[in-house]
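Comments concern the structure below.
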Amino acid sequence: MSRVDVTANTATTNLVVSFASEPHRLYTLQYRTDLRSGSWSNVAAECKGSGSPIPLTNDWPASTGYYRLKIQAP
């Protein structure tokens with residue numbers, strides 16, 4: 001799997017995460033409040049890579065938390 005560079009735009013009330021995608025891979029932005037325990041929740045619909053940048057948007061949660069980008073190969 002190749003390296004993924006993620007950019008987060010926090011200038012608005014939404015978190016916008018964008019990254020270069022690879023064709024046919026599936027991407028899902030996930031969130032949880034505790035990095036060490038708990039389940040990850042999908043905060044954006046799963047999207048299919050096209051080779052172009054993909055922006056995913058999420059409203060800022062009320063509390064502090066952690067995000068990850070789940071990448072699945074075909």
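Every number in this text was worked out from the coordinates using simple rules, so none of it is lab data. Keep in mind it's a predicted model, so treat the numbers as computed, not measured. Virtual Cβ from ideal backbone geometry, glycine too; neighbours counted across all protein chains shown.
A few points about this structure:
- ASP34/ALA73 FRET efficiency (R0 25 Å; Cβ-Cβ; nearest 0.05): 0.35
- The stretch between CYS47 and ALA20 holds 8.5 nm of extra length on full extension. This uses 0.36 nm per residue minus the Cα-Cα distance.
- Sparsely packed loop sites in segment 24-74 (the trypsin sites (Lys or Arg not before Pro) outside DSSP H, G, I, E and B with at most 15 other Cβ atoms within 10 Å) comprise ARG36.
- Above 12 Å, the calculated P(r) of segment 15-64 contains 66 percent of its Cα-Cα pairs.
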